[in-house]
1. Could you list, in sequence order, all residues of the range 142-156 that are in contact with a Lys or Arg (Cβ under 9 Å, 6 or more places away or on another chain), among the aliphatic types (A, V, I, L, M) and open to solvent by 20 Å² or more (accessible area, probe 1.4 Å)?
2. Can you tell me which residue within the range 151-177, out of those that are in contact with a strand residue (DSSP E or B) (Cβ under 9 Å, 6 or more places away or on another chain) and among the basic types (Lys, Arg), is nearest to GLU187 (Cα to Cα)?
3. Which of the residues spanning the range 162-174 are touching a residue at least 24 places away in the same chain (Cβ under 8 Å) and open to solvent by less than 70 Å² (accessible area, probe 1.4 Å)?
4. Would you mind listing the helices (runs of 4 or more DSSP H) fully within the range 1-112 where at least 3 residues are open to solvent by less than 50 Å² (accessible area, probe 1.4 Å) and of a type outside the set (Val, Ile, Thr)?
5. Report yes if some residue within the range 271-284 is open to solvent by less than 30 Å² (accessible area, probe 1.4 Å), among the aliphatic types (A, V, I, L, M) and either part of a loop (DSSP other than H, G, I, E, B) or closer than 14 Å to GLY155 by Cα (or both); otherwise report no.
6. State all residues of the range 43-83 that are polar (S, T, N, Q) and either within 25 Å of LEU109 (Cα to Cα) or in contact with a Gly (Cβ under 7 Å, 6 or more places away or on another chain) (or both); if no residue qualifies, say none.
7. Right, ARG136: among the charged types (D, E, K, R) and touching a residue at least 60 places away in the same chain (Cβ under 8 Å) or not?
8. Can you name every residue in the range 182-222 that is touching a helix residue (DSSP H, G or I) at 6+ places or on another chain (Cβ under 7 Å) and closer than 23 Å to ASN251 by Cα?
Amino acid sequence: MKKIAVITPVSHLKGINKLLETKGQIFYLENNPSKLEVRDLLVKEDINVIVCNPNQQSFKIDFELLNNTKVKIINSCSTGLNHIDLDYCQENNIIIQCHKNDYELIKQLPSTSELAFGLMVSLLRNIPACNNHVSRYYWDYTQFMGRQIKDLTIGIVGYGRLGKMMYNYCKAFGANLKVYDPYKREEMDDSFLLNINCSDLKTLVEQCDVISLHVHVTQETKYMIDKKILGCSKKFPYIINTSRGEIVNENDIINALESGLISGYGTDVIENEFDDITKSPIIKAMNEGKNIIATPHIGGMTIEGQTKAYKWAINKL
């Protein structure tokens, strides 16, 4: 019988505990366990399967955690895998299960794109600041003049599943759209290539009022938004990041906010979210009053989306 350590919250999702318990002997560590707590469980109970999700994980699954354990499968209810040391797992024949290629499933999961759109609207209309203003019994709209989507040019970086969803949401609101994705050009017709596709990131950044990021972390995409590319902006754009913290150089984002080169940053991710978040420059800058909205990696965290995703993930076992 499989011994399965569940190190992420699942009890709030109807039917998931019951399904898990058909797959083996389950050991729950749902309440944000430390790396040491997980390590102790893996060793003590001879665990051979880990069920995880990056969204609330405060450490990386790596040599320090896995060495001299019996773990053979890591089942992650996610598409991204930067919370796992993939090289170590490959070298030690540990199977990684994730949703990256589960196309039938992930086309049913728009939650992250919906959040990206929500972060964009919140920044454009100053919603958090307005809420705080009214909570103190003030009522002065003149401080909070926003932007109208219909008159903006919105750039989508990454035209995969989530990027296409964001594109369609913005199109429905009447925005002018630009797209940059060098790997999706074959999917674009002549009109799209001529009028919407940008041949390089610099061209997109020059033209857009909002730039929304929808890419996986690779050596190519890490820090793709940095001071050099931000220096190309001409319209003081808002940056939206629901991908991973490493897609942007966070210090360059903060400097661009301070200099007025960009108007705001909406993010669901920070670079060191698997470490001590008190060291995050993004959270520090937000607390210092920079125009930043940050959410705690809630992109996929909807009851509907997570229930579907966990059922699919667990059935792989």
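1. Residues satisfying the conditions do not exist here.
2. Here the answer is LYS164.
3. Across the range 162-174, the qualifying residues are LEU162, GLY163, MET165, MET166, TYR169, CYS170, GLY174.
4. 16-20, 35-44
5. no
6. Listed by number, the residues that qualify are ASN53, ASN55, GLN56, GLN57, SER58, ASN75, SER76, SER78, THR79, ASN82.
7. no
8. LEU201, LYS202, VAL205, VAL210, ILE211, SER212, LEU213, HIS214, VAL215, VAL217, THR221, LYS222
The values are calculated or read from the model by the stated rules, or taken from the named source; none is laboratory data. A quick note: this is a predicted structure, and the numbers were derived from the prediction, not measured. No Cβ is skipped: glycine too gets one built from the backbone with ideal geometry, and neighbour counts run over all protein chains shown. Just so you know, the surface numbers come from the protein's heavy atoms only, side chains and all, with ligands and any DNA or RNA stripped out. Shrake-Rupley method; radii C 1.70, N 1.55, O 1.52, S 1.80 Å.
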